[in-house]
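Before any comments, here is the structure.
Laboratory data are not the source of any read-out in this text; all were calculated from the coordinates shown. Nothing here was measured: the structure is a model prediction, and the numbers come from that model. Cβ placement follows ideal geometry from the backbone for every residue including glycine, while neighbour counts extend to all protein chains displayed.
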Ligand SMILES: [Zn+2]
């Protein structure tokens, strides 16, 4: 007997409510996004596979959080997108050379996107984590990709591209590095190419 099997993506309806946004520092409306892959037989979903996205975003500032923030607000004081942005910028800083000027560009870039000031000590501690090698950046990004909104993913890749572009003459291996970062958060190569061409 011939059995037709496959995979399909399903988005649950958005849930809305109120939460205390740590970034806005007051009560805001949130949207809870849940989209999963399902295993299908003859087009009928029979088993839920890996989660494609499962995150909560603030309707006011767009910051992304794990849905667990609703039950345990004290454990989620930082937005995932801001943590990911900082990690990616520090990862590039470590690759392109840790200089006074590049640190300043990193802080400026972070501030322009996250609207938050960080300091040299923050960079020191993030670089220490990266250089210790115990929490590699690309697997980290793959682990949190389901917690980022499409907009935050695009913003992250553009920030990475702009930082790299200001650090060096962009050559093939530099573009490969940006593509690898983008792929780690689930963006396709044509999507990354489109972002770079249209936002540069
Ligand atoms: Zn907010």
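A few points about this structure:
- Whole-number D in µm²/s for the stretch 1-122 (Stokes-Einstein; Kirkwood sum over Cα pairs; 25 °C, 0.890 mPa s): 143 µm²/s
- Peptides 42-55, 80-93 ranked from most to least packed give 80-93, 42-55, packing being the mean of other C-beta atoms within 10 angstrom over each peptide's residues.
- Overall form of the stretch 80-199 per C-alpha gyration tensor (a/c, 1.5; a/b vs b/c): rounded
- From most to least packed by mean Cβ count within 10 Å, the peptides 2-10, 167-175 give 167-175, 2-10.
- Rounded to 10°, Cα long-axis angle of helix 189-199 versus longest principal axis of the chain: 50 degrees
- For the pair residue 197 and residue 18 in one chain, pulling the backbone fully straight at 0.36 nm per residue adds 60.7 nm over the alpha carbon distance.
- Highest mean packing comes first when the peptides 108-119, 30-41 are listed by Cβ atoms within 10 Å, giving 30-41, 108-119.
- Reduced Cα scattering model of the stretch 59-140, Debye log10 I(q)/I(0), q = 0.14, 0.16, 0.19, 0.25 Å⁻¹: -0.52, -0.67, -0.89, -1.27
- Gyration tensor verdict on the stretch 2-52 (Cα atoms; rounded if a/c is under 1.5, prolate if a/b is larger than b/c, oblate otherwise): prolate
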